[in-house]
Amino acid sequence: MELKGKVAIVTGGSSGIGKELAAQLAGEGALVTITGRNEEKVKQAAEQLGVNGLRSDVSKPEDVQQLFSTILEQHGKLDILVNNAGFGAGWAELGELNFDDMVNVYQTNVFGAAMAGQEAAKIFKQQRSGNIVNIGSTASLKGYAKGSIYASSKFALRGLSQCWQADLRPYNVRVMHINPSEVTTAFGTGNGVSRPEVENKLRPKEIADQIIAQLKMDDRGFVPEVTIWATNPW
């Protein structure tokens, strides 16, 4: 797909993988809107990247609906949705899980992604074209100690990706699921500040490079799922 002139939404686009991907999409000539909960952070990132920025919390259905209404008002179409917004919390063994932590994580990682996908699908079905990229995790492939809440949310997102692939292929819509392993982003820092790069760990760039390559594949084909590992993280 030629990315020039394509309309793209990147949720959670003010830092990390989302910000790098937005930069690369804009560099290819796409018309990009990034979103996030922190209005000032979104504004600063949008100005830095030269893209559009909107404060939007995917965990709130009314925000999601308003986001897609705004995009249609501005552009009259949508070509790419990247469900990148997500976070982790409540790291605990079974027997010590916190219900509120589970609800909060699922509200963004699962329900928010699903509602964004829902709004995008309405547009894509009418257009008979479109692309959804869901940012999963290697945690969506294998559980681990104290990971019940986060890993299960990413397992759920992976299940959504597979269901959407079956739902939307008849409409020429591509749904791609990306599983990064550890990336030096703000994930898990608690303060929204990205961790410094580490020579043997993945950067947001490696993940964005892969997504751009998949989007640029001719529309007649797509890669349903890809996992990206650091070569030697030890």
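The values are calculated or read from the model by the stated rules, or taken from the named source; none is laboratory data. As the structure is a prediction and not an experimental result, all values here were calculated from the model. Positions of Cβ are backbone-derived with ideal geometry, glycine not excepted, and every protein chain shown enters the neighbour counts.
For Glu20, the conditions (1) surrounded by fewer than 23 Cβ atoms within 10 Å (Cβ to Cβ); (2) in a helix (DSSP H, G or I) are fulfilled apart from (1).
Looking across the stretch 65-122, the residues that are in contact with a strand residue (DSSP E or B) (Cβ under 6 Å, 6 or more places away or on another chain), surrounded by 21 or more Cβ atoms within 10 Å (Cβ to Cβ) and assigned to a loop (DSSP other than H, G, I, E, B) come down to Leu78, Asp79, Asn84.
Regarding Ser69, is this residue in contact with a Lys or Arg (Cβ under 9 Å, 6 or more places away or on another chain) and among the small types (Gly, Ala, Ser)? No, not satisfied. Scanning the stretch 27-51 for residues that are crowded, with 19+ Cβ neighbours inside 10 Å and outside any loop (DSSP other than H, G, I, E, B) returns Leu31, Val32, Thr33, Ile34, Thr35, Gly36, Val42, Ala45, Ala46, Leu49. When Lys60, Lys6 are checked against the criterion of being within 29 Å of Asn172 (Cβ to Cβ), at pLDDT 95 or above and of a type in the set (Lys, Arg), Lys6 stands alone in meeting it.
Of all the numbered requirements in (1) without any contact (Cβ under 8 Å) to a residue 24 or more places away in the chain; (2) within 21 Å of Ile17 (Cβ to Cβ); (3) not acidic (Asp, Glu), Ala85 misses one, and that requirement is (1). Taking each residue of the stretch 206-234 that is without any contact (Cβ under 8 Å) to a residue 40 or more places away in the chain and looking for partners that are loosely packed, with under 13 Cβ neighbours inside 10 Å with beta-carbon atoms closer than 6 Å, six or more apart or interchain, yields Asn232/Asn200. If I go through the stretch 123-140 residue by residue, how many of them are charged (D, E, K, R) and outside any helix (DSSP H, G or I)? Matching residues across the stretch 123-140 total 1. Filtered by the rule that a residue be in contact with a Pro (Cβ under 9 Å, 6 or more places away or on another chain) and farther than 17 Å from Ala26 by Cα, the stretch 201-224 gives Lys201, Leu202. Is there any pair linking a residue in the stretch 118-131 that is more than 11 Å from Leu168 (Cα to Cα) and free of Cβ contacts under 8 Å to residues at least 40 places away in the same chain to one that is charged (D, E, K, R) and surrounded by 17 or more Cβ atoms within 10 Å (Cβ to Cβ), with Cβ under 8 Å and at least six apart or on different chains, and which? So the pair list comes out empty.
All of (1) among the hydroxyl-bearing types (Ser, Thr, Tyr); (2) surrounded by fewer than 19 Cβ atoms within 10 Å (Cβ to Cβ); (3) under 19 Å from the mean Cα position of the chain (by Cα); (4) closer than 29 Å to Glu2 by Cα hold for Ser161 with one exception: (2). Would you check if there is a residue in the stretch 197-208 being hydrophobic (A, V, I, L, M, F, W, C), part of a helix (DSSP H, G or I), under 28 Å from Gln44 (Cα atoms) and modelled with pLDDT of 95 or more? Taking every residue of the stretch 197-208 in turn, at least one turns out to be hydrophobic (A, V, I, L, M, F, W, C), part of a helix (DSSP H, G or I), under 28 Å from Gln44 (Cα atoms) and modelled with pLDDT of 95 or more.
Restricting attention to the stretch 52-64, report how many residues are touching a Phe, Trp or Tyr at 6+ places or on another chain (Cβ under 9 Å) and in a helix (DSSP H, G or I). Quick ask: steps written out before the conclusion?
We begin by selecting, within the stretch 52-64, every residue touching a Phe, Trp or Tyr at 6+ places or on another chain (Cβ under 9 Å); these are 58-59, 61.
If we keep only those that are in a helix (DSSP H, G or I) as well, we get 61.
Selection size over the stretch 52-64: 1.
Just give me the residues in the stretch 131-149 being of a type in the set (Gly, Ala, Ser) and surrounded by 15 or more Cβ atoms within 10 Å (Cβ to Cβ), in sequence order. Gly136, Ser137, Ala139, Ser140, Gly147, Ser148 - these are the residues of the stretch 131-149 that are of a type in the set (Gly, Ala, Ser) and surrounded by 15 or more Cβ atoms within 10 Å (Cβ to Cβ).
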